[in-house]
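Since the structure comes first, as structure tokens, the remarks are kept for the end.
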Amino acid sequence: MSFTQDVWQRNHALYQATVQHPFNQELAAGTLSREAFIHYVIQDAHYLLAYGRALAVIGAKAYDADSVIQFTEAAKLAIIVERSLHDGFMADFGISKEDFEAAPLSQACHHYTSFLQATAWAESYPVALAAVLPCYWVYAQVGNDIVDQSVANNPYQKWVDTYVSDEFQDAVTKVLATIDALAEQADAATVEKMHAAYTRGAELEWVFWDSAYRCEQWPLLQDALKPA
Ligand SMILES: Cc1ncc(CN)c(N)n1
């Protein structure tokens, strides 16, 4: 069994919980609250910069010239393509540059981006790639699984279209092939680390959507410090 077949099976329940999360179901139905979507778009714009940086580090660690190109290009595209999606949503949903700049990373976004960057810098190329695989694959699958549910005049249609696009789906297919080839050459301990990195990344995808759905805010430290 290939690494990607195995990792998908091991994380099947987590994927089901992700695609069934009310954020994704309501996004498909067009009923997701504006507030939750705005929270998501702002946090995702923060996320993309860190994700792009992680991909650039993975590109630097890649073993051959084609893979260096694959991941450094991906770093560039993650920022350019998805940022333009966010810029469109920011304009459509009335999010100003100031709103974005004033919004700190949520706890979920901070946790996820710190995990990606720490793994990209500290771990081997195969393990770092496994950590970013959910960023590709979970989005591609969620897009595929909800596209048929998407209602007419869905305010979130552009989001769905981006992740079911041939461009995004092809990039995912290439990453799956790259990681399977790496896993075939890796020793057992590395493959288990790849599994652990994938699962943590996939869990953090769920956490990220859940945090946006709840419009998560940092607890106010000054409140916590107030005498009872
Ligand atoms: C949190 C998150 N994960 C993945 C993707 C898709 N690259 C994204 N835009 N945002």
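The values are calculated or read from the model by the stated rules, or taken from the named source; none is laboratory data. Quick caveat, the model's predicted, so the values are computed rather than measured. In this analysis, Cβ positions are derived from the backbone assuming ideal geometry, glycine residues included, and neighbour counts consider all displayed protein chains.
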Considering residues that are farther than 17 Å from Gln149 by Cα and either assigned to a loop (DSSP other than H, G, I, E, B) or among the β-branched types (Val, Ile, Thr) (or both), the number found within segment 1-32 is 5
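If I go through segment 118-127 residue by residue, how many of them are in a helix (DSSP H, G or I) and either within 14 Å of the ligand (Cβ to nearest atom) or surrounded by fewer than 19 Cβ atoms within 10 Å (Cβ to Cβ) (or both)? Steps first, answer last, please.
As a first pass, look at segment 118-127 and keep what is in a helix (DSSP H, G or I): 118-122, 125-127.
Those still in the list that are either within 14 Å of the ligand (Cβ to nearest atom) or surrounded by fewer than 19 Cβ atoms within 10 Å (Cβ to Cβ) (or both) too: 118, 121-122.
So the count comes out to 3.
Working only within segment 27-53, note down all residues that are of a type in the set (D, E, K, R) and within 16 Å of the ligand (Cβ to nearest atom).
To start, the set of residues in segment 27-53 that are of a type in the set (D, E, K, R) comprises 34-35, 44, 53.
Selection gives Asp44, Arg53.
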Over segment 71-92, the set of residues buried (at least 19 other Cβ atoms within 10 Å of the Cβ) and either farther than 16 Å from Thr162 by Cα or over 16 Å from the mean Cα position of the chain (by Cα) (or both) is Phe71, Ala75, Phe89, Met90
The residue that is nearest to the ligand (Cβ to nearest atom), considering only those in segment 187-228 that are part of a helix (DSSP H, G or I) and among the basic types (Lys, Arg), is Arg200
Show the residue pairs meeting these rules: Cβ distance below 6 Å; 6+ apart or different chains; first residue within segment 98-113 and free of Cβ contacts under 8 Å to residues at least 60 places away in the same chain; second residue surrounded by 16 or more Cβ atoms within 10 Å (Cβ to Cβ). Phe100/Ile42
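Would you mention how many residues in segment 54-70 are more than 13 Å from the ligand (Cβ to nearest atom), in contact (Cβ under 8 Å) with a residue 24 or more places away in the chain and in a helix (DSSP H, G or I)? Can you show your working first?
Residues of segment 54-70 more than 13 Å from the ligand (Cβ to nearest atom): 56-70.
Checking which are in contact (Cβ under 8 Å) with a residue 24 or more places away in the chain leaves us with 57-58, 61-63, 67, 70.
Subset that is in a helix (DSSP H, G or I): 57-58, 61, 67, 70.
Residues that pass the stated criteria total 5.
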Any idea which residue in segment 128-162 is nearest to Trp206 (Cα to Cα), counting only those that are buried (at least 20 other Cβ atoms within 10 Å of the Cβ) and more than 16 Å from the chain's Cα centre (by Cα)? Ile146
Enumeration of residues in segment 82-117 that are away from the ligand (no atom under 16 Å from the Cβ) and part of a helix (DSSP H, G or I): Ala91, Asp92, Lys97, Glu98, Asp99, Glu101, Ala102
Yes/no for Val138 being farther than 20 Å from Ala54 by Cα, within 16 Å of the ligand (Cβ to nearest atom), at pLDDT 95 or above and part of a helix (DSSP H, G or I): no
Take the conditions hydrophobic (A, V, I, L, M, F, W, C), more than 13 Å from the ligand (Cβ to nearest atom) and touching a residue at least 12 places away in the same chain (Cβ under 8 Å) and apply them to Ala152. Does it pass? no
With (1) within 14 Å of the ligand (Cβ to nearest atom); (2) in contact with a Phe, Trp or Tyr (Cβ under 6 Å, 6 or more places away or on another chain) as the list, and Ala130 as the residue in question, which single condition is left unmet? (1)
For residues that are within 19 Å of Glu203 (Cα to Cα) and hydroxyl-bearing (Ser, Thr, Tyr), scanning just segment 1-60, find the one that is farthest from the chain's Cα centre (by Cα). Thr4
